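> Below is a structure I'd like to ask you about.
Derivation of every value follows stated rules applied to the coordinates shown; laboratory data play no part. Because the structure is a prediction, the values reported are computed rather than measured. In this analysis, Cβ positions are derived from the backbone assuming ideal geometry, glycine residues included, and neighbour counts consider all displayed protein chains.
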């Protein structure tokens with residue numbers, strides 16, 4: 001089985017290679033954070049644009065949930081309760 005290693009006899013060159021790898025990792029991390037911030041910024045601008053367009057057109061914002069009038073038609077006397085379990089004897093004392 002072949003084993004690949006990276007070794008240098010010069011300590012300065014090894015240190016430089018390590019710093020180069022750390023710098024590349026930091027660059028990728030900063031690039032990722034910048035991309036996420038850019039996506040958030042574009043989403044905010046797009047949302048503000050849609051809100052401004054709807055305000056100029058005079059249309060109200062779409063509600064998240066349609067109002068329901070079923071609350072006026074509910075009858076508490078029609079509520080159904082489950083039968084008690086067979087071992088649900090209230091006279092029993094002690095652990096189950």
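> Using a basic spin-label model with each label point 7 Å from the Cα along Cα→Cβ, how many nm lie between residue 20 and residue 54?
5.3
> Once the Cβ-Cβ distance between residue 8 and residue 34 is put in as r, and R0 is 35 Å, what FRET efficiency do you end up with, to the nearest 0.05?
Numbers: r = 33 Å, r/R0 = 0.95.
Between residue 8 and residue 34 the formula returns 0.60.
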